[in-house]
1. Could you calculate the FRET efficiency of ALA265 with SER100 from 1/(1 + (r/R0)^6), where r is the beta carbon distance between them and R0 is 41 Å, rounded to 0.05?
2. Let me have the relative contact order for the range 233-274, percent, based on Cα pairs under 8 Å that are six or more residues apart.
3. Return the percentage of antiparallel bridges among DSSP beta bridges fully within the range 1-119, rounded to the nearest 5 %.
4. Given springs between every Cα pair under 10 Å in a Gaussian network model of the chain, which of ARG38, ARG252, ARG318 has the largest fluctuation?
5. Under a crude label model (7 Å from the Cα following the beta-carbon direction), how far is ARG287 from ILE140 in nanometres?
6. Among DSSP bridges having both ends in the chain, what percentage is antiparallel? Round to the nearest 5.
7. Of LEU63, TRP167, SER238, which is farthest towards the positive pole of the chain's charge dipole, taken about the Cα centre with +1 and -1 on the beta-carbons of Lys, Arg and Asp, Glu respectively?
8. Select from PRO257, PRO84, PRO269 the residue whose mean-square fluctuation is largest in a Gaussian network model of the chain (Cα-Cα springs shorter than 10 Å).
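The values are calculated or read from the model by the stated rules, or taken from the named source; none is laboratory data. This structure is a prediction, so every number in the text was calculated from the model and none was measured. Ideal geometry is used to build each Cβ from the backbone, glycine not excepted, and the neighbour counts take in all protein chains shown. Note: areas computed on protein heavy atoms with side chains; ligands, DNA, RNA excluded. Shrake-Rupley method; radii C 1.70, N 1.55, O 1.52, S 1.80 Å.
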Amino acid sequence: MPPNATPLSILDLSPITEGSDAAQSFRNSLSLAQHGERLGYRRYWLAEHHGMPGIASAATAVLLSHVGAGTSTIRIGAGGVMLPNHSPLVIAEQFGTLESLYPGRIDLGLGRAPGSDQRTARALRRDLQSDADQFPQDVIELMDFMSKEPQQAVRAVPGLGLEVPVWILGSSTFGAQLAAHLGLPYAFASHFAPQQMMQAIQIYRETFKPSKQLAKPYVMLGFNVFAAETDEEAVFRSSSWQQAFVNLRSGRPGRLPPPVENYRARIGPAENALLDSVLSCSAVGSRETVRAGVKAFVERTGADELMITSQVFDHEARLRSYEILAELGLSGRTQG
């Protein structure tokens, strides 16, 4: 790895493609994690979503256990667990179990969004008093459950004393402030919500307070990569994700559709403007196009690490996209 390389990691939504099912998605997720491990990616994270026809990673901890059993060195974790959906004790037990099974390899990224619509969120929580505004207190409670000397009478078993590394996830400045205050690493969802990225990074770095877990700020940014042998093929492959994103934002969530030619020419100005905003944190093209895109993004943001997502319909083409990126010599698995 070049000395100044930016570590790369993998974010997987375990996409369910049109004509397929969740079982195949899980096989693909394990295949992707194993592929990333061989290529030198630092982490493999799964995201919690609910009620989404095209996302199979709802039971995040369960799927992580499956991935952990099929890998041996890559860090695995949640990017993230949507903490308002759960009691902190349950998450401490789940990730304490994972840490006990796969010691030294588990990350716990925490977010305060529901990862679903409001009806689904209510069905998940049952207790209507559950409130995203309680997120900071829930994070502290969860970390206490996993500490060596918890202040609470209740014990997380397993979980007690395991000190699973916690990350704060966000798509606004709220998460940046919380991560800085608690001295935790910060992951920003720039791969789909880049609007407040630079402001959030600045707030996090300027207000960071060192902690037992982390001595100095550490920023990981979500980034879309669609790499292929040619620019034209990469643009074609990326149309699956573009269709899915437009469908989701238009209130028509569905499974990941097959790619189509000239998708951007088929949609209206509002949809194109939406995609232009999101694609500001993307690299789509051949290896040289992707190299230039990643380099410019890291120079602009000073990212300590990139979390790469690649929503490609064809699994082999998806694996190839991650392979091309790794071949550029940008990735590494030094501890961070």
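1. Details: r = 53 Å, r/R0 = 1.28.
Working from the Cβ atoms, E equals 0.20.
2. Details: 31 pairs, mean separation 17.1, N = 42.
With pairs under 8 Å counted, the relative contact order is 41 percent.
3. Numbers: 1 of 14 bridges.
Bridges in the range 1-119 are about 5 percent antiparallel.
4. Between ARG38, ARG252, ARG318, it is ARG252 that shows the largest mean-square fluctuation.
5. Roughly 5.1 nm, to one decimal.
6. Numbers: 1 of 36 bridges.
Looking only at bridges with both residues in the chain, the antiparallel portion is about 5 percent.
7. It is TRP167.
8. PRO269
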